[in-house]
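First the structure, in the form of structure tokens, and then the observations on it.
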Amino acid sequence: MKHHFSREDNILQFWSGGADSTYLLLQNLMCKRKVTCVYVSIMNNRKKCEREADAREKLKEDIKIFCKHFGCPHPLYYPDSTIRVRGKSFSDCPMPQQIMFAMFSLLLGTDFGEVQMGVVLGDSMRGVRMNQAIADAYKQSVYCPIPPITYPIEDVSKEAIYLTLKGYDDTLGTDFLGHITCCEQVEKPCGKKKMCHPCQTQAEVFRRLKWTK
């Protein structure tokens, strides 16, 4: 399990309330980094945003327990930012270019030393790196700079992430596994049907780990 953390301490991290970004946040806190979390509400999928907002509120209590136990600095939480993209639903949007372009526009002129994203082993964005190409385009066309964008856990597997979160739950009495969310269905959550790709991925990871949820 390989992390690619830099020495930068003033970090802005995209945090959705899912397993990957939560794992990344906890590793940053464990390393005593100053982290500010930002969430981007993509209004083409309001239900998903509501589910993720609920998850983050529950996870904040788990993070308090984590920080107290390990003597970590508490993260700062930016107010949610909102963007709209073309397409009637989130799944209809031209990903990842349009959404990444809108997300990165929020970073223009910020004084953070680094921006982190929870891209992990097996993610489609890990291979394409379209978001980095968009960031490079910004640097060439916009006078106001954006911070470097990094992917510290890009070599970490989903299995390692879930096992780590379970370890924290077992040790601290937290409920990271119960509070994280992954569903991207536009209306009702997938439930047992596991229709969206993230829910299918989670189910496959749990199957390999011989877990049930």
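Coordinate-derived values only; no laboratory data. Predicted, not measured: the structure shown is a model, and the values here were computed from it. Don't worry about glycine lacking a Cβ; one is built from the backbone with ideal geometry, like all the others, and counts go over all protein chains shown.
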Segment 139-198: GluC sites (Glu not before Pro) in DSSP coil with no more than 10 other Cβ atoms inside 10 Å: GLU187
What distance in nm lies between label points placed 7 Å from Cα along the C-beta direction at GLU61 and ARG208? 3.2
Just want the ordering: TYR168, TYR78, from fewest to most Cβ atoms lying within 10 Å of their own Cβ. TYR78, TYR168
Using Cα positions and a limit of under 14 Å, work out the aspartates and glutamates in reach of LYS47, with same-chain residues fewer than 8 apart set aside. GLU184, GLU187
Segment 142-213: proportion of alpha-carbon pairs further apart than 21 angstrom, %: 42
